[in-house]
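*Asks:* Here it is, the structure in full.
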Amino acid sequence: MSTQNLATRAPALAAWLDAHAETLDADATLAAEVLPQLAGAGLPRLGVPVELGGSGGTLHDAIDGIADVAGHSFAAAFVLWGQRVFIEYLLQSPNRALRDRLLPTLLTGQLAGATGLSNVMKYLAALEPLQVRAADAPGANGQRAWRVTGALPWITNLRQQGFVAAAAADREAGGPPLIFALASGAPGITRGDDLDLIALRGSNTASLRMDNAPLGEDALLTDDAPTWLAQLRPAFLGLQCGMVLGLTRRSLAAALEGGAGSRAIIGGDAARLTERMDAIAAALNSGLADGAFIDRPARLFELRIALTDVLHEANALELQAGGGLGYLRGRSSVARRQREAAFVPIVTPSIVQIKHELAAQAKRTRPVAEAATA
Ligand SMILES: Cc1cc2nc3c(=O)[nH]c(=O)nc-3n(C[C@H](O)[C@H](O)[C@H](O)COP(=O)(O)OP(=O)(O)OC[C@H]3O[C@@H](n4cnc5c(N)ncnc54)[C@H](O)[C@@H]3O)c2cc1C
């Protein structure tokens, strides 16, 4: 991970996030400003090829950018994650025309990118049915077309000023689920009101409904969701880990900002947690760079679990080091970071889901291993 932090690479953005982090968590008054602020610092362009309008580099640069923002405001980092993940969908989609049409405005932040794929991820882990259905419909010029109906309860970065959201749909005619890019304002697409969240309230998180929405091939990210998502999973989870790394780093730094007395007691714990966090970040980097996670998703899942554990220990250390000040309103960021960290185990794939998948995988491989040793 790069050591260049946001205060150096984008000081105006860092100052804006620091000034408004509590507001971004507590209410939606600044929700419309988050994406333009992030895009003004060029963050959605990180890790996007120069020839496509990005600033080049690799996925690690995008992860670093998200981590840097998470250290200032997790709500803003979550918005950036949604934006950058949607950009990644386009980069990895076979639909070049869709990519070329949407990418420029996503990179400038004029258009918000959102990912509503929790449902299909839980579906692929056999945890719930698909909540959106696509019925074949007559298409123009021999193109395939569908009428899409259903609802997704949670999607972040549904910016009121304009968004495009990825959503998977079960085909009534059979075949693997499809994944569409749904545009705000299109016929049959309705955004709900902002959800009444306990935190991250400036993140434009709402439900999305599709009522017989007419969609054609031009809106298709993939017509084979399982295969495509298996290939995308490392980037999806890697970018998510960026949020967790940034928050962990910030909690560890805050834990050491207390007095010399508390530092003397918790310094060793903070150093051990930092070492574990750095080792996880290094393993994440190397697995992303050599493609190992595509065939071995279990390794990536284990890293996500380990990183979530380190975050919660760092979070607890920050709380202990801060003393009573952390319990006073408006006097420290401790309470906000507790709420931010509380989101990490529940975002899809949730820690429970990952453990469920690891257990299922172990069950599948056990008979083979037992037969080999019999
Ligand atoms: C602030 C916020 C923003 C969000 N933004 C987005 C977004 O942008 N896009 C998006 O797609 N989603 C988003 N979500 C949804 C999120 O990613 C999770 O999918 C959601 O919180 C978990 O679903 P649930 O509450 O329906 O869990 P439940 O289905 O009620 O399950 C509870 C837990 O048990 C696990 N579980 C369920 N069934 C089983 C089973 N049979 N066996 C083992 N484990 C099981 C689940 O994985 C979960 O961990 C957001 C959620 C929040 C709170």
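The values are calculated or read from the model by the stated rules, or taken from the named source; none is laboratory data. In this text, all values refer to a predicted model and were calculated from it rather than measured experimentally. All Cβ positions, glycine included, derive from the backbone under ideal geometry; neighbour counts span all protein chains shown. SASA here: full protein model, heavy atoms, side chains in, ligands and nucleic acids out. Shrake-Rupley method; radii C 1.70, N 1.55, O 1.52, S 1.80 Å.
*Asks:* Treating the Cα atoms of segment 222-371 as identical point scatterers in vacuum, please give the log10 of the normalised Debye intensity I(q)/I(0) at q = 0.19 Å⁻¹, two decimals.
*Replies:* Calculated log10 I(q)/I(0) at the listed q: -1.12.
*Asks:* Can you give the FRET efficiency for ALA260 and ALA306, using 1/(1 + (r/R0)^6), R0 = 35 Å, r = Cβ-Cβ distance, to the nearest 0.05?
*Replies:* After rounding, the FRET efficiency stands at 0.70.
*Asks:* Between segment 161-187 and segment 107-124, what is the separation of their alpha carbon centroids in Å?
*Replies:* Result: 10 Å between the Cα centres.
*Asks:* Further, regarding this structure: Charges only on Cβ, +1 for Lys and Arg, -1 for Asp and Glu: so what's the dipole of the chain about the Cα centre, in debye to the nearest 20? Don't skip to the end; give the middle numbers.
*Replies:* Working: 33 positive and 36 negative charges, 51 e Å.
Charge dipole of the chain: 240 debye, to the nearest 20.
*Asks:* Considering just Cα atoms, how many Å³ per residue does the convex hull of segment 159-206 enclose?
*Replies:* Output value, Cα hull per residue: 103 Å³.
*Asks:* Quick one, could you list the DSSP H helices from the chain stretching 24 Å or more along their long axis (Cα atoms) with average Kyte-Doolittle hydropathy of 0.0 or above? Present the calculation step by step, with values, prior to reporting the outcome.
*Replies:* Details: long enough: 74-91 (25 Å, 1.33); 225-255 (43 Å, 0.67); 260-290 (44 Å, 0.26); 297-322 (37 Å, 0.28); 351-373 (32 Å, -0.22).
Helix filter hits for the chain: 74-91, 225-255, 260-290, 297-322.
*Asks:* With all protein chains present, calculate the accessible area of HIS356 using a 1.4 Å probe and round the result to the nearest 10 Å².
*Replies:* Here the accessible area works out near 80 Å².
*Asks:* I'd like the carbon and sulfur percentage of the solvent accessible area for the chain, probe radius 1.4 Å, heavy atoms only, ligands and nucleic acids excluded.
*Replies:* Working: 8840 of 16060 Å².
Answer for the chain: carbon and sulfur cover 55 percent of the accessible area.
*Asks:* Right, here's the next one. If you roll a 1.4 Å probe over the heavy atoms of the protein chains, what accessible area per residue do you get for the chain, in Å²? Intermediate results must be reported in sequence, preceding the final value.
*Replies:* Values: 16060 Å² over 374 residues.
Result: 43 Å² per residue.
*Asks:* Return the equivalent ellipsoid semi-axes of the chain as a descending list in whole Å, where each equals the square root of 5 times an eigenvalue of the C-alpha gyration tensor.
*Replies:* Semi-axes, largest first: 35, 26, 19 Å.
*Asks:* Working out 0.36 nm times the residue gap between ALA289 and THR29, then minus their Cα-Cα distance, what length gain in nm do you get to one decimal?
*Replies:* Additional length available on full extension: 89.7 nm.
*Asks:* Could you rank the peptides 73-85, 245-257 by their average count of other C-beta atoms within 10 Å per residue, with the highest value first?
*Replies:* Ranking, from highest mean packing down: 73-85, 245-257.
*Asks:* A further question on this structure: Which of rounded, prolate or oblate describes segment 86-212 when judged by the alpha-carbon gyration tensor and an a/c cut-off of 1.5?
*Replies:* The shape class here is oblate.
*Asks:* Calculate the length of the line joining the C-alpha centroid of segment 225-299 to that of segment 139-157, in whole Å.
*Replies:* 35 Å
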